[in-house]
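See structure below.
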């Protein structure tokens, strides 16, 4: 950032005299260049800085401290929203109206004392206008602040945002789990089998299907809607803690996973999304969470309020609340302006905390079961219910139950041979059918592979009926068939012969008996018409 001399150079002699007056300095120089050097030298004195800060209003000192804590600069839009604007006016109007004697904002108080200036600087979001403290003056202000800290007993000036949760806010605890690993296994198996619709049987997973898909893409497990075999193998064979950390790290460092697009209550539109930087935003929010003591319940409402107060523009370039096209999902209303901070930016913070919970990094709590989350606690990825073992149970009727905590790689393979039933009691339930084995065969899988797995992982306790069924399928395929048929029945064999000899014969299929025949699919109307031409009126029974 520019130093004090460079920051004062754009001002006229009258402005320099105003600053000098507030510092108790009488400028002797009558030309601008000499006055600049004289004023800069006088201001860069620790005692003068201390004395001038001492007489600032409390609110003004707070604004100055905020700049110091932000390394001496804050985006102007954010600073002005909280501390007010500086009225633009020329030297003549300034001398007539004397705005420094009747400041309209905290920003004007600091400006007419030379503590702050405005300039454009490069940032991760491009060139942005900032309020800043000149570099050499910042060093003295920081030293003065450190001296105050020592005198006040060394209190830490950098506190976590918000406050600890109240007993009511943390009454009903919702411990984090590692169930995302199981959801990911289910999704990967469905994608491999082209059976993503099966995910509807698991309501929790289906609600998060888009989030999970984006996360698996981010983790390089899926690309262009196809599995990446080596990465999937490594993920499925990893221990549960290792696999959970793989997903967490992939999310944390991703530049493409965009939480803002995934918030269900809003819809983002427009070209501005291409310039959005979700990883920068995620890193900022992660720093705020990391500042909170680990394993300490923290108030989510207070955390949100303090972010809104101190860092409202954490994801907005130059405090832009108008050019982002975001509308409310419920009614399509566009959410423009700072008035909708809670619906957009606040919702993003909540979603971020939910992502941490989903990835096992924080526990949640609410006043009571079913109520909105009001507290969270960082747990260091020490999720509840983490187990290393589970079991497989096989029934003689083809049902296979796989514990959530059994090998995910084995469950992934079993799922490819089976129909999927509803998950219950921490178990995934499947059953073997002719259709599922046929589908597996189309993927190059054989029934004997399923049998070998079941024998291996149940210690040979596969029921004989299941063993027999899988072996017979391997040898003969389907030996029985159940199907819905439309059957034409007539009163006498002679009528059947007449029908088969007529032009309706081509619509008749397999003869089931002398008086019953299968009607080909979609041909019932033609058969009825042919019967009428033969002088026969038929009734249709559902």
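The values are calculated or read from the model by the stated rules, or taken from the named source; none is laboratory data. Here the structure is a predicted model, which means the values were calculated and not measured. Note that each Cβ is placed from the backbone with ideal geometry, even for glycine, and that neighbours are counted across all protein chains shown.
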Taking into account only those residues within segment 437-452 that are farther than 13 Å from residue 474 by Cα and either touching a strand residue (DSSP E or B) at 6+ places or on another chain (Cβ under 7 Å) or in contact (Cβ under 8 Å) with a residue 40 or more places away in the chain (or both), which is surrounded by the fewest Cβ atoms within 10 Å (Cβ to Cβ)? 443
Answer yes or no as to whether residue 440 is out of contact with any helix residue (DSSP H, G or I) (no Cβ under 6 Å at 6 or more places or on another chain), in a helix (DSSP H, G or I) and at pLDDT 85 or above. yes
Count - residues of segment 309-343 that are in a helix (DSSP H, G or I), at pLDDT below 90 and surrounded by 15 or more Cβ atoms within 10 Å (Cβ to Cβ): 5
Selected residue (criterion: farthest from the chain's Cα centre (by Cα)) from residues of segment 62-90 that are surrounded by 16 or more Cβ atoms within 10 Å (Cβ to Cβ) and not in a helix (DSSP H, G or I): 86
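State all residues of segment 103-123 that are more than 16 Å from residue 59 (Cα to Cα) and at pLDDT 90 or above; if no residue qualifies, say none. Walk me through it before giving the result.
First, the residues of segment 103-123 that are more than 16 Å from residue 59 (Cα to Cα): 114, 117-123.
Residues satisfying the conditions are 114, 117, 118, 119, 120.
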May I ask you to say which residue of 77, 6, 35 is out of contact with any strand residue (DSSP E or B) (no Cβ under 7 Å at 6 or more places or on another chain) and under 27 Å from residue 314 (Cα atoms)? 77
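Can you pull out the residues in segment 43-61 that are in contact with a helix residue (DSSP H, G or I) (Cβ under 8 Å, 6 or more places away or on another chain), without any contact (Cβ under 8 Å) to a residue 60 or more places away in the chain and assigned to a helix (DSSP H, G or I)? If you could, list the steps in order and put the result at the bottom.
Kept after step one, since they are in contact with a helix residue (DSSP H, G or I) (Cβ under 8 Å, 6 or more places away or on another chain), are these residues of segment 43-61: 43-46, 48-50, 52-53, 56-57, 59-61.
Still in the list and also without any contact (Cβ under 8 Å) to a residue 60 or more places away in the chain: 48, 56-57, 59-61.
The answer is 48, 59, 60, 61.
For segment 288-302, check the following and say yes or no: at least one residue is free of Cβ contacts under 8 Å to residues at least 60 places away in the same chain, surrounded by 15 or more Cβ atoms within 10 Å (Cβ to Cβ), assigned to a helix (DSSP H, G or I) and in the same structural domain as residue 366 (by TED's automatic domain parsing). First the steps, then the outcome.
First pass over segment 288-302, keeping only residues free of Cβ contacts under 8 Å to residues at least 60 places away in the same chain: none.
Scanning segment 288-302, I find no residue that is free of Cβ contacts under 8 Å to residues at least 60 places away in the same chain, surrounded by 15 or more Cβ atoms within 10 Å (Cβ to Cβ), assigned to a helix (DSSP H, G or I) and in the same structural domain as residue 366 (by TED's automatic domain parsing), so the answer is no.
More than 31 Å from the chain's Cα centre (by Cα), outside the structural domain of residue 276 (by TED's automatic domain parsing) and more than 19 Å from residue 24 (Cα to Cα): does that describe residue 49? Give the steps one after another, and end with the answer.
Working: more than 31 Å from the chain's Cα centre (by Cα): yes; outside the structural domain of residue 276 (by TED's automatic domain parsing): yes; more than 19 Å from residue 24 (Cα to Cα): no.
Taking the combined requirement at face value, the residue does not satisfy it.
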Conditions: (1) assigned to a helix (DSSP H, G or I); (2) within 17 Å of residue 189 (Cα to Cα). Residue 448 meets all but one. Number of the miss? (2)
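Within segment 158-185, track down each residue that is in a helix (DSSP H, G or I) and not assigned by TED's automatic domain parsing to the domain that holds residue 367.
Looking only at segment 158-185, we keep the residues that are in a helix (DSSP H, G or I), and these are 180-185.
Of everything in segment 158-185, nothing turns out to be in a helix (DSSP H, G or I) and not assigned by TED's automatic domain parsing to the domain that holds residue 367.
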